[in-house]
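The values are calculated or read from the model by the stated rules, or taken from the named source; none is laboratory data. Keep in mind the model is a prediction, meaning the values are calculated, not measured. Positions of Cβ are backbone-derived with ideal geometry, glycine not excepted, and every protein chain shown enters the neighbour counts.
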Amino acid sequence: MSEPTQAGAQREEIVLNMGPHHPSTHGVLRFVVHTDGEIMRKAVPEVGYLHRGLEKLAETQTYAGYMPFTDRVNYLEAMFAEQAYAMAVEALLATEVPPRAEFLRTIACELNRIANHHVTLGCITMDLGAYTPFVYLLREREGINDLIEALCGNRITHNYLRIGGVSYDVDDKWLGQLESYLNHFEPIIDELVALIVGNEILIKRMEDVAVISREDAVAWGLTGPNLRASGQDWDVRRDIPYGAYPQFEFDVPVGPLGRGQAGDCNQRFLVRVEEMRQSCRILRQCLAKLPEGDIKAKVPKMIKAPKGESYASVEGARGEMGCYLVSDGGKNPYRLKWRTGSFSAMSIIEHTSPGLMIADLVALVATLDVIAPECDR
Amino acid sequence: MEFIYNYLSSLELGPWATNILFVIALLVVSAAVFLVALTIAGFLVVVERRVAGRVQSRIGPNRVGPFGVLQWLADGIKLFMKEDLVPAQADGPLFRLAPYLVMVGVFAAFASVPFGMLLIASDLNVGILYILAITSVATVGILMSGWASNNKWSLLGGIRSTAQIVSYEVPAALSVLSVVLIAGTLQMSGTASSPGIISLQGGWPWDWYAFYNPFSLTAFAIYFTSAVAEGNRTPFDLPEAESELVAGFNTEYSGMRFAGFFLAEFANVYLMSAIATTLFFGGWQIPGVSLAAQAASFWLRLVGLGIFVGKAAVLCFVVVWFRWTFPRLRVDQLMSLCYRYLVPIAFVCLAGNAVYLLVIPAGSELDNLIHWVTAGAGGLLVLVLLWRVRFHIKRSGDRINLDLLARGEKGSFDPTVQARPYGKFRRQHNKESA
Amino acid sequence: MGTFTNYFAAIGRSFVTLGDGLAVTLSYMFRKPITIQYPDRTKLPVVSMLPGRSRGILEMEASLCTGCTMCAKQCPIDCIHVEVEKDEETKQRMLTRFDIDAAKCMFCGLCVDACPSGALRHSHEFEGAMYDVGRLWLRFIDKPQAVAKPPKKGAQIITVPLGSIVRKMLYPADRQASSRSGGGSQ
């Protein structure tokens with residue numbers, strides 16, 4: 001739309017298309033950006049380019065056979081989706097998961113959280129122009145990929161969890177490798193802090209940029225690190241405990257940390273760095289306290305969940321990952337719905353975008369950690 | 001070129017013959033300089049990719065030619081074979097003209113860039129002024145490409161780039177002015193008889209203009225930052241910000257047109273390093289050798305060439321190193337950096353240098369002392385950096401490995417180890433699991 | 001004055017943090033790169049460097065198959081096709097067809113979990129890039145053969161090196177490239 005200026009000339013708004021095919025948006029997301037030169041009026045997100053019908057596919061698969069599909073809801077933090085689904089089915093079946101399996105699930109999930117934050121922090125810095133930290137973080141992620149490959153056979157799309165437990169056990173050799181990885185990785189976090197966290201240019205790009213207030217974050221349904229960065233202290237692991245988490249001691253980082261105000265991009269960044277440290281702490285406690293026992297409860301070969309519905313949520317790396325399951329007594333689910341953290345984060349982008357610059361939009365999307373597979377399923 | 005003209009005049013062939021021969025010589029020398037600059041730009045592409053690889057804990061291209069040095073040829077051939085696309089709605093003549101303007105802006109400056117003593121195409125008496133002026137022609141080319149591409153993203157990139165380059169001319173010129181003030185001449189290379197900026201410095205670090213006084217050290221920092229900004233290099237590469245604008249003003253270019261922009265950018269990197277070497281780091285001067293001795297001996301001039309190219313190479317490495325370390329500045333932060341920090345400080349340096357030259361007589365005890373102290377400060381900064389490097393390596397438990405060319409061994413992975421612990425933890429784990 | 005100190009503090013902070021960042025990246029020039037130059041400059045073929053549970057392309061040892069067809073039933077995407085017929089004369093169950101569409105397989109491992117005899121397993125082969133997708137339709141049975149007896153509880157006897165069967169099918173004209181030569185089993 002054009003508006004007359006004081007001098008009588010017409011002023012037009014540029015409509016830019018940050019299209020689905022774009023090096024910065026995380027997956028195929030589209031933003032229609034209305035800008036006035038460099039400052040945006042609003043950025044309208046469009047999703048759906050990566051819709052694969054995962055929820056509909058559940059209605060054609062058996063309960064046990066759907067597990068590989070849960071990996072694909074978010075392939076970077078696959079274990080969380082597997083756990084949410086497994087917990088939802090186990091709630092319907094009223095199965096008790098053995099303690100060793102709970103610990104192994106926790107180990108897998110926390111490793112996955114660290115691996116996911118590697119990608120997220122790397123992508124944030126890469127979108128802001130520093131290509132090197134991304135490569136360093138991916139190198140560290142290789143260590144975790146190798147651990148998980150030795151554990152279950154695949155580096156991503158693991159299919160590690162089963163209804164009632166996990167599929168493979170660990171031995172002392174693997175636990176020793178995990179410990180040596182933790183010993184190697186924790187000093188690297190300090191090195192990354194030296195390279196990125198204190199970096200004046202990065203702080204200037206992220207400090208006080210795209211502030212999301214606590215009220216807004218709660219009202220728009222943000223969860224996970226995004227919510228905590230805005231100052232709201234909420235973590236599903238601690239507040240609605242599940243699995244083995246009641247037995248662990250860990251801190252939940254809440255913004256503001258370091259420089260910047262609560263809810264800005266820098267806080268979302270710092271909260272994730274601190275979460276990696278806390279995950280290492282949980283992993284060490286798992287190593288110390290791992291109990292003996294079975295790794296899988298007895299479930300029937302062909303699972304027919306009793307009629308009913310259940311909702312299970314876990315604290316994923318991007319937010320609360322929830323699985324809502326409705327069963328009609330047959331061997332396929334009747335309805336399966338995924339609640340993902342990125343979908344809520346996408347919705348707040350249009351609300352936060354007025355007044356930002358285009359470069360800030362990139363920082364906002366990167367720090368909200370929005371990825372397409374979670375939005376579109 | 002003056003040398004050639006004087007020689008031809010001395011042959012007494014008559015005005016027509018002299019001038020025609022001179023024009024031919026002009027074309028030959030221009031072609032030679034252009035080819036040298038292109039080769040340097042091509043080689044710099046390989047250096048950048050290998051340095052990028054080593055900085056990122058990987059190797060970089062090492063298959064084409066020994067240690068990958070012919071990679072630029074492979075890239076050039078590939079770009080040559082690509083389809084030459086001109087978008088239908090693009091402004092044809094401007095679209096086609098833009099790469100040439102950018103190339104002219106950069107490569108024409110090489111006419112006055114010294115490579116060694118007496119090894120310069122044309123030692124103009126307004127050398128540095130000519131270089132500053134001609135590199136501004138590239139700005140027109142970038143704006144043209146941004147507009148003519150008929151692409152909103154390219155337009156944004158072109159406009160940002162123009163604003164950036166035009167703004168950063170100011171602190172660059174001011175810091176160059178500090179040096180010109182000290183030297184008293186605009187001529188770049190010079191000899192004993194007609195003094196130029198290099199010939200007025202000396203070989204030793206405390207004779208360089210970078211360490212003349214703290215003001216000129218600051219002027220070097222400002223010049224280097226401004227030159228990196230003018231060359232559209234990270235941390236100022238917003239016009240070609242990959243994650244935001246795909247490729248900014250050169251989004252729609254493919255094939256050899258893109259190669260034009262690409263080579264111009266890398267030639268610019270060398271250009272700014274060469275200029276910084278000339279102005280601040282003593283150019284081709286050899287420590288302990290006087291101008292007359294160097295002018296007399298061919299071998300010493302060759303050593304001077306090596307020294308000049310070596311210093312310029314170190315600065316090129318620093319420019320590449322910056323690219324792979326720093327994130328990029330947002331456009332308003334870039335402008336604010338220029339006008340709120342660089343320009344006032346450049347003015348202060350200029351005034352400071354002027355006062356220094358008035359108050360402290362050149363060559364006196366106090367003058368020499370200040371040179372040594374500043375040179376010492378510079379050296380100390382370098383040592384602190386190296387100490388931090390060692391600190392970071394030790395803290396992550398790695399070992400220092402001086403194999404800079406990354407020749408490596410055939411296979412560096414122990415198959416009995418399933419995860420990949422690195423550094424000393426790998427050795428520890430191997431001992432425990434064996 | 002507040003603004004002056006902020007100004008110079010900003011400059012000082014920039015120098016220190018940016019300089020430290022430069023030191024970190026320079027330090028990596030002096031460390032060994034971690035690149036493994038696949039496929040030709042590795043100490044051993046990559047296939048033999050993978051961990052034991054690694055899930056590569058599926059292979060089936062026909063002499064061990066009991067014809068239960070649990071693998072085909074468990075596969076979420078129906079990429080295993082098994083046909084078992086009863087031979088009229090000998091009243092013996094004969095395995096007439098066992099095809100795996102390796103192009104469709106998502107390497108989830110549910111079929112391998114279901115196999116009671118260990119006939120079906122993941123090899124470590126991962127180099128499945130072919131010019132013709134039909135080459136990834138793996139036929140493990142040429143002519144009808146009798147099914148094996150189910151093994152004793154927990155016993156899994158693998159009689160050939162892991163991956164040898166599928167390697168012959170994927171790369172029939174194997175030129176003994178360095179990455180695939182040798183026994184290559186774990």
**Item:** Hey, B:V64 over 21 Å from the mean Cα position of the chain (by Cα), of a type in the set (A, V, I, L, M) and not assigned by TED's automatic domain parsing to the domain that holds B:A296 or not
**Value:** yes
**Request:** May I ask you to list the residues in segment C:29-70 that are part of a loop (DSSP other than H, G, I, E, B), within 10 Å of chain B (Cβ to nearest Cβ), under 24 Å from C:M106 (Cβ atoms) and of a type in the set (A, V, I, L, M, F, W, C)?
**Result:** C:L50
**Complete:** Restricting segment B:374-385 to residues that are loosely packed, with under 14 Cβ neighbours inside 10 Å and without any contact (Cβ under 8 Å) to a residue 24 or more places away in the chain, the one farthest from the other protein chains (Cβ to nearest Cβ) turns out to be B:G376
**Prompt:** Do we find that B:P235 is within 14 Å of chain A (Cβ to nearest Cβ) and outside any loop (DSSP other than H, G, I, E, B) in this structure?
**Reply:** no
**Item:** Pairs where the first residue, in segment B:215-230, is more than 13 Å from B:I182 (Cβ to Cβ) and the second is outside any helix (DSSP H, G or I), C-beta under 8 Å, 6+ apart
**Value:** B:V228/B:P235; B:V228/B:F236; B:A229/B:F236; B:E230/B:T135
**Request:** Those residues that are within 7 Å of chain B (Cβ to nearest Cβ) and out of contact with any Gly (no Cβ under 9 Å at 6 or more places or on another chain), I need them from segment A:133-150; list them, please.
**Result:** A:R139, A:E142, A:G143, A:D146, A:L147
**Asked** Of these, C:L18, C:L26, which one is closer than 30 Å to B:R323 by Cβ, over 38 Å from the mean Cα position of the chain (by Cα) and either within 7 Å of another protein chain (Cβ to nearest Cβ) or outside any strand (DSSP E or B) (or both)?
**Response** C:L18
**Message:** Name the residue that is farthest from B:N232 (Cα to Cα), counting only residues in segment B:275-315 that are crowded, with 19+ Cβ neighbours inside 10 Å and in contact with a Lys or Arg (Cβ under 9 Å, 6 or more places away or on another chain).
**Reply:** B:Q294
**Asked** In this structure, is B:V170 modelled with pLDDT of 90 or more, of a type in the set (V, I, T) and surrounded by fewer than 24 Cβ atoms within 10 Å (Cβ to Cβ)?
**Response** yes
**Message:** Whether any residue in segment B:296-315 is facing another protein chain (nearest Cβ under 9 Å) and farther than 23 Å from A:M206 by Cβ is what I want to check.
**Reply:** no
**Complete:** Flagged pairs (Cβ under 7 angstrom, 6 or more apart or on separate chains; first in segment B:72-89, touching a residue at least 60 places away in the same chain (Cβ under 8 Å); second assigned to a loop (DSSP other than H, G, I, E, B)) are B:K82/B:S254; B:E83/B:S254; B:D84/B:S254; B:L85/B:S254; B:P87/B:S149; B:P87/B:N150; B:P87/B:E252; B:Q89/B:N150
**Request:** Run down B:R330, B:R340, B:R323, B:R390 and say which single residue is more than 29 Å from B:P287 (Cα to Cα), of a type in the set (K, R) and not assigned by TED's automatic domain parsing to the domain that holds B:I286.
**Result:** B:R390
**Prompt:** Do we have C:F98 as among the aromatic types (F, W, Y) and not assigned by TED's automatic domain parsing to the domain that holds C:V166 here?
**Reply:** no
**Elements of type helices (runs of 4 or more DSSP H) contained in segment A:191-272, each with 3 or more residues being charged (D, E, K, R)** = A:200-206, A:214-219, A:236-239
**Asked** surrounded by fewer than 22 Cβ atoms within 10 Å (Cβ to Cβ) and either of a type in the set (S, T, N, Q) or on the phi > 0 side of the Ramachandran plot (or both): does that describe A:N154?
**Response** no
**Asked** Can you name every residue in segment B:37-79 that is of a type outside the set (A, V, I, L, M, F, W, C), outside any helix (DSSP H, G or I) and more than 14 Å from chain A (Cβ to nearest Cβ)?
**Response** B:P61, B:N62, B:R63, B:G65
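Matching residues to (1) among the charged types (D, E, K, R); (2) closer than 21 Å to B:S254 by Cα:
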position: B:F34; (1), (2): no, no
position: B:R54; (1), (2): yes, no
position: B:K82; (1), (2): yes, yes
position: B:V86; (1), (2): no, yes
position: B:Q89; (1), (2): no, yes
position: B:Y100; (1), (2): no, yes
position: B:V106; (1), (2): no, yes
position: B:A109; (1), (2): no, no
**Message:** Against the conditions (1) touching an Asp or Glu at 6+ places or on another chain (Cβ under 9 Å); (2) surrounded by fewer than 19 Cβ atoms within 10 Å (Cβ to Cβ), where does A:Q177 fall short? Just the number, please.
**Reply:** (2)
**Prompt:** Any idea which of (1) assigned by TED's automatic domain parsing to the domain that holds B:L300; (2) part of a helix (DSSP H, G or I); (3) in contact (Cβ under 8 Å) with a residue 40 or more places away in the chain is the one B:V29 doesn't satisfy?
**Reply:** (1)
**Prompt:** In segment B:244-356, which helices (runs of 4 or more DSSP H) lie fully inside it and hold 1 or more residues that are without any contact (Cβ under 8 Å) to a residue 60 or more places away in the chain and in contact with a Ser or Thr (Cβ under 7 Å, 6 or more places away or on another chain)?
**Reply:** B:298-323
**Item:** Given (1) part of a loop (DSSP other than H, G, I, E, B); (2) surrounded by fewer than 22 Cβ atoms within 10 Å (Cβ to Cβ), number of the condition B:T162 does not satisfy
**Value:** (1)
**Complete:** With criteria (1) more than 7 Å from every other protein chain (Cβ to nearest Cβ); (2) farther than 30 Å from A:A363 by Cβ; (3) surrounded by 24 or more Cβ atoms within 10 Å (Cβ to Cβ), A:N112 comes up short on (2)
**Message:** Anything in segment A:329-377 that is away from chain B (no Cβ under 14 Å), touching a residue at least 60 places away in the same chain (Cβ under 8 Å) and part of a strand (DSSP E or B)? List them, or say none.
**Reply:** A:R335, A:L336, A:K337, A:W338
**Prompt:** Right, A:E215: modelled with pLDDT of 90 or more, more than 19 Å from A:S342 (Cβ to Cβ) and more than 14 Å from chain C (Cβ to nearest Cβ) or not?
**Reply:** yes
**Request:** Please verify whether segment B:274-291 includes one or more residues that are over 21 Å from the mean Cα position of the chain (by Cα) and within 14 Å of another protein chain (Cβ to nearest Cβ).
**Result:** no
**Asked** Yes or no: A:R335 charged (D, E, K, R) and farther than 23 Å from A:A91 by Cα?
**Response** no
**Request:** Could you grab me the full set of residues in segment C:107-149 that are free of Cβ contacts under 8 Å to residues at least 40 places away in the same chain, outside any loop (DSSP other than H, G, I, E, B) and of a type in the set (D, E, K, R)?
**Result:** C:D113, C:R135
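Residues are listed down the side, and each one gets a yes or a no for (1) closer than 30 Å to B:R399 by Cα; (2) surrounded by 15 or more Cβ atoms within 10 Å (Cβ to Cβ):
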{"site": "C:I36", "(1), (2)": "yes, yes"}
{"site": "C:P51", "(1), (2)": "yes, yes"}
{"site": "C:M60", "(1), (2)": "no, yes"}
{"site": "C:S63", "(1), (2)": "no, no"}
{"site": "C:T66", "(1), (2)": "no, yes"}
{"site": "C:A72", "(1), (2)": "no, yes"}
{"site": "C:M94", "(1), (2)": "no, yes"}
{"site": "C:D101", "(1), (2)": "no, yes"}
{"site": "C:R121", "(1), (2)": "no, yes"}
